[in-house]
Structures are given as structure tokens and as C-alpha cells.
Amino acid sequence: MTRRNLLTDVPGLAVGHAQDARLGSGVTVVLFERPAVVAVSILGGAPGGRETSMLGPEMTVEAVDAIVLSGGSAFGLDAAGGVQAALREQGRGFPVGDIRVPIVPQAILFDLANGGDKDWGRYPPYRELGYSAACAAAERGAHGTPAFALGNIGAGMGATTATVKGGLGSASAVTPAGHTVGAIVAVNAIGSATIGDGPNFWAAPFEQQGEFGGLGWPAAIDATPRLKGGPGTGTTIGLIATDATLTKAQAQRLAIMAHGGLARAIFPAHAPLDGDTIFAAATGLRPLGDPLTELTDLGIVAIAVMARAIARGVFEADSLAVANPQPSWRQRFQ
């Protein structure tokens, strides 16, 4: 199989996006071909989400149909309703008698202050954006279309950071035992993915084949924090996925370890008023051999691919077409 360095290198899932450039926001949906085991780790101090509490290993529901990443802050929580509507039309969902209820956990990020037109009237547009993103994911999955763009797309459309425009990133790798691990992330950090005021990325030690510029680290590290606006204008949300067969407890450990990649790619991370949230999903196509060793390797690779995905999301982003837009990495450094 040709590796595309994207989440969709993990078999058993598809990705769809919907965004509105005038709004300066969007939605990304990860749709599982069959319900996947999913857990979550939330380390930001002010997260926003839907159906995250049921992902705990002690909770009853074992698998979910899709994961939603959305802009819009609390308004963006409507997106999961649109995704549910699309999946219900497709006959997806947890069976309760004759009824099927699609299980769709979600995380949101704050992009309300990026200059986009948020005067949407009575109801925010995220339900329709969620519906469109879910339909796009289903269509792409049905046609075997794994590649997708990075940067200003889906949940990364309106993302920003302390220094340059944020965006949607993705990366993948394979563990020593042959399990594929992929990450997708919307980078909307209070802090910075780049070092000091220069172009180098904090994630540079993990970079593969110049995927975000190949600059390495600078000769001197400026670790003075760069912070974006007020303390409540951030949140980085993402998903780590693997084709391994995992329990919910194992998936939760994978999500926890993936936060190590977030903290290595963004400085600072996990602040009091951000909502840094990482889901972990297992499509269950490859059983673990040695569970302890292979779960550890999955976590190590998850750290690296999450860090790389964050840097790629910033590297590939473009400035928004709004008043006083935040410059992109390329505008500042190329």
C-alpha cells in the first residue's frame, strides 16, 4: 500500500470536510467503516465537547460511528447533530429496538475572533456543515478516495496560533510490529508551533522527508512563550487512529500518550483556558501480538505522528481573506 502520510493510511476510516471561507470556520468528520473503539484524553482546562464522558473505559457503549472536530466554539457543537442526521440516513447507529442512534463524539475549538463573518442569524451554520462533512466522508470512503488537503480545510479553516495561521494537519507511520498509526489535528493553539520569532518548528526532531520545511532546530532556542491574544482564544483538537485491535482502556492510554506529541509541538500546551483534546480510535483490523510491548510502540509512534501533524497543519495553512488576517507561515518565512 502506498503511504500518503495521512490519517487515511489507517484502513477502516474515511475523512470528510466542510468549510466556509467567509465564516472563517469549518468541520472535519472521521467516519469509521464499522463502529470503532474510541477513547479520549482531555488535558486542556476549558474543553468543549459532546459525548466524551461515555468514552471512559468504565462506560457501556464500546464503539462509535464517527468523530467530529469543529470550529465555532460552543456554537460548533451543533455539527454533531448534522453528522448524526447523515449517518441516520445511511442506516448507521447503535441499535435500540427498531431505532438506530448514531454515536458521534465531538470536540470544538475557539475560532470566533479570527475576523470571519460570524453574523449568521438565529442559528449557527454548523449543523449543515456537519451534515456536509459527513456526506463527504461517506462518499470518499465509498469511492476509496483517501487523500485530502491540509491547512485551511475543515476544522482547520479558521484556526490560528500565537505567531502564524494555524490549520488542519495529518501524518502517519508504522510501528515495528506493522500497525499503522495516523493523526489528524486542528491546530488552534494559544501558544506557538514555531520557536521564538523564527520559522523553525518545535516538532523538528520528528520531521520526515522535509514535510514541514526541513529546517531543523535553530542554533539557539528562544523559549520565551508566545501567547495569542487573550488566554481563552485557543484549543488544539485531534484524533490518533490505528488499525490495531484495542480495548477502550488501551485506546485511552494511546490518547494520553499522543498528548506527548502535542506538548512537543506546541509551547505552551494544556493551558487553563484552552481545551486540548485528543481522541484515540482503533479500527480493529490487526490484533496485538505482545499487548504490552506493542501498545507501548503504538504510543511512541502516536507521539511522533501527532507532533508532525501539528507542524504540517501550520506549514500548509494560508492566511484568511478577512480584515487584518493573521499571516501564514509561508507569508512570514518564504
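The values are calculated or read from the model by the stated rules, or taken from the named source; none is laboratory data. Given the structure is predicted, the values throughout are model-derived calculations rather than measurements. Glycine also receives a Cβ, built like all others from the backbone with ideal geometry; neighbour counts cover every protein chain displayed.
Quick grid of which residues meet (1) within 24 Å of residue 321 (Cβ to Cβ); (2) small (Gly, Ala, Ser); (3) touching a strand residue (DSSP E or B) at 6+ places or on another chain (Cβ under 6 Å); (4) at pLDDT 95 or above:
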{"site": "168", "(1), (2), (3), (4)": "yes, no, yes, yes"}
{"site": "175", "(1), (2), (3), (4)": "no, no, no, yes"}
{"site": "183", "(1), (2), (3), (4)": "no, yes, yes, yes"}
{"site": "199", "(1), (2), (3), (4)": "yes, no, no, yes"}
{"site": "214", "(1), (2), (3), (4)": "no, yes, no, yes"}
| field | residue 116 being buried (at least 17 other Cβ atoms within 10 Å of the Cβ) and farther than 25 Å from residue 40 by Cα | value | yes
| message | All but one of (1) aliphatic (A, V, I, L, M); (2) more than 18 Å from residue 155 (Cα to Cα); (3) assigned to a helix (DSSP H, G or I) hold for residue 74; state the number of the condition that does not hold. | response | (2)
| task | Collect the residues in the stretch 64-84 that are among the aliphatic types (A, V, I, L, M) and either surrounded by fewer than 17 Cβ atoms within 10 Å (Cβ to Cβ) or within 26 Å of residue 115 (Cα to Cα) (or both), keeping them in residue-number order. | result | 68, 69, 74, 77, 79, 80
| field | Residues located in the stretch 305-334, provided they are assigned to a helix (DSSP H, G or I) and either surrounded by fewer than 24 Cβ atoms within 10 Å (Cβ to Cβ) or of a type in the set (Lys, Arg) (or both) | value | 308, 312, 330, 331, 332, 333
| said: What's the number of the only condition in (1) under 15 Å from residue 79 (Cα atoms); (2) among the hydrophobic types (A, V, I, L, M, F, W, C); (3) modelled with pLDDT under 95 that residue 29 fails to meet? | reply: (3)
| request: Out of the residues in the stretch 224-251 that are at pLDDT 95 or above and small (Gly, Ala, Ser), state the one that is nearest to residue 109 (Cα to Cα). | output: 238
| note | Within the stretch 180-237, residues being within 14 Å of residue 267 (Cβ to Cβ) and of a type in the set (Ser, Thr, Tyr) number 4
| Would you call residue 176 buried (at least 18 other Cβ atoms within 10 Å of the Cβ), farther than 21 Å from residue 278 by Cα and in contact with a helix residue (DSSP H, G or I) (Cβ under 6 Å, 6 or more places away or on another chain)? | no
